[in-house]
Each structure stands twice: as structure tokens, then as C-alpha cells.
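The values are calculated or read from the model by the stated rules, or taken from the named source; none is laboratory data. Remember, predicted model here, so these are calculated numbers, not experimental data. All Cβ positions, even for glycine, are placed from backbone atoms using ideal geometry, and neighbour counts span all protein chains on display.
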């Protein structure tokens with residue numbers, strides 16, 4: 001179809017002529033509602049982002065002389081974080097002469113790995129970095145799969161329930177077409193009233209004129 005004919009057709013239908021394959025010979029265009037197209041593309045990107053699993057790395061700090069209740073509290077938090085599909089970097093901080101007893105740090109990291117073995121695997125074995133000893137824990141395949149499923153379910157639920165204030169359809173304000181219909185109806189009524197008044201005017205003039213004797 002010639003370009004001018006395509007433009008005329010798009011104007012007639014109240015749509016846009018959009019070039020979708022500029023590298024083709026000849027270029028390929030499509031008649032569409034470009035505003036609706038952009039809205040749907042943005043919606044798809046938003047849904048894909050919601051369904052995407054983002055893995056975070058949380059740092060948990062311990063000391064060679066960490067008290068038992070502090071240790072249990074931090075292990076519980078680490079468990080919750082890993083169950084959400086994230087990773088944990090467990091760090092032992094050495095101060096002063098504590099650095100001469102690295103075996104204490106290794107023992108604590110071993111205890112953490114054992115306490116979380118049902119939900120986590122050791123992705124990186126304990127290693128030293130200055131005065132810090134750390135290891136990295138990652139979710140087991142089963143826990144990671146469960147976390148992904150929960151994210152997908154949340155994305156599906158969000159997709160079924162659009163947020164307040166979202167466009168009613170196709171990115172156009174709700175009631176746009178009904179407003180046009182109302183204007184057309186009002187104009188038709190106005191014309192009908194003018195026609196009725198024009199027909200009534202001669203009759204009224206005849207009724208007011210004196211009758212010939």
C-alpha cells in the first residue's frame with residue numbers, strides 16, 4: 001500500500017501509522033493505536049520485573065566470643081533470609097589477640113553451616129580476609145525453587161488485581177468514548193429542539209394574528 005494511502009487510512013480510523021521493520025525493503029508499517037501499544041509494552045515489562053527473582057547477599061557478623069542467645073538470634077534471621085531465596089555472608093570479626101585463635105572462628109562457621117544444613121549449602125568455604133573470616137551460604141535447590149514459586153505466585157496475583165488508578169483499558173482514560181457519545185447525543189438533542197422551535201414558530205404567529213371578519 002502506498003504511504004499516502006496508508007496515512008489516509010490511519011487518519012480515517014483515528015489510529016497511527018507506525019514503522020515496525022525499518023530495515024526491511026520496503027519498510028514494514030502497521031496501523032495501530034500507538035498509545036495503547038506503549039501502555040501494553042510498559043505493562044509487560046512491569047509484569048516481567050515482578051516475576052524476576054532478585055538474589056541478595058546479606059552479611060551476618062559474629063565474634064569468637066558471641067553469646068549463645070546472640071548466636072541463635074542471628075542464625076534464625078539468616079535462616080529466614082535464605083528461605084526467601086537469598087544468600088548469606090557469615091563473617092567472624094577478630095579483634096586484638098583473637099586473631100591468634102582462628103580455630104574458634106572456623107568452629108563457629110562450622111556450627112552455622114550445620115544448623116542451617118536443611119535450608120543452605122556452603123557456596124564458599126571459610127577464608128581469611130585481613131582480620132575477617134567468612135563463608136557464603138546459598139539456598140538448597142529445593143528452597144530456591146520454593147522461593148521462585150512464591151515470587152511467581154505474587155506476580156500472578158498482582159497481575160490479576162490492577163493497582164488503584166490504573167487506566168481502565170488500553171492506556172486510555174476511562175470514559176473517553178462515553179464522553180464522545182454524550183457530546184453527540186447533546187448535539188442531536190439541540191438540533192431536534194431547534195427544529196421543533198422552527199416548526200412551532202409559524203403556528204404561534206398564526207394563533208396571535210387577528211381573525212379576518
- Message: Residues that are at pLDDT 90 or above and in contact with a helix residue (DSSP H, G or I) (Cβ under 6 Å, 6 or more places away or on another chain): does the range 94-111 have at least one?
- Response: no
- Any idea which of (1) loosely packed, with under 14 Cβ neighbours inside 10 Å; (2) more than 30 Å from residue 131 (Cα to Cα); (3) at pLDDT 85 or above is the one residue 32 doesn't satisfy? (1)
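Of 21, 46, which residue is without any contact (Cβ under 8 Å) to a residue 12 or more places away in the chain, out of contact with any helix residue (DSSP H, G or I) (no Cβ under 8 Å at 6 or more places or on another chain) and loosely packed, with under 12 Cβ neighbours inside 10 Å? Show your work before the answer.
Details: 46 fails: loosely packed, with under 12 Cβ neighbours inside 10 Å.
Exactly one of 21, 46 is without any contact (Cβ under 8 Å) to a residue 12 or more places away in the chain, out of contact with any helix residue (DSSP H, G or I) (no Cβ under 8 Å at 6 or more places or on another chain) and loosely packed, with under 12 Cβ neighbours inside 10 Å, namely 21.
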- Unique residue being farther than 26 Å from residue 156 by Cα and either without any contact (Cβ under 8 Å) to a residue 24 or more places away in the chain or touching a helix residue (DSSP H, G or I) at 6+ places or on another chain (Cβ under 7 Å) (or both) when the list is 143, 90: 90
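If a residue has to be assigned to a loop (DSSP other than H, G, I, E, B) and without any contact (Cβ under 8 Å) to a residue 12 or more places away in the chain to count, how many in the range 100-117 make the cut? Reasoning before the result, please.
Quick first cut of the range 100-117, residues assigned to a loop (DSSP other than H, G, I, E, B) only: 101, 116-117.
Now restrict to residues that are without any contact (Cβ under 8 Å) to a residue 12 or more places away in the chain: 117.
Looking only at that region, the number is 1.
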- Query: Which ones in the range 121-130 are part of a strand (DSSP E or B) and either surrounded by fewer than 17 Cβ atoms within 10 Å (Cβ to Cβ) or in contact (Cβ under 8 Å) with a residue 40 or more places away in the chain (or both)?
  - Reply: 121, 123, 124, 125, 127, 128, 129
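Is it the case that residue 75 is in contact with a helix residue (DSSP H, G or I) (Cβ under 8 Å, 6 or more places away or on another chain) and either in the same structural domain as residue 46 (by TED's automatic domain parsing) or modelled with pLDDT of 90 or more (or both)?
Values: in contact with a helix residue (DSSP H, G or I) (Cβ under 8 Å, 6 or more places away or on another chain): yes; either in the same structural domain as residue 46 (by TED's automatic domain parsing) or modelled with pLDDT of 90 or more (or both): yes.
For residue 75, the condition - in contact with a helix residue (DSSP H, G or I) (Cβ under 8 Å, 6 or more places away or on another chain) and either in the same structural domain as residue 46 (by TED's automatic domain parsing) or modelled with pLDDT of 90 or more (or both) - is met.
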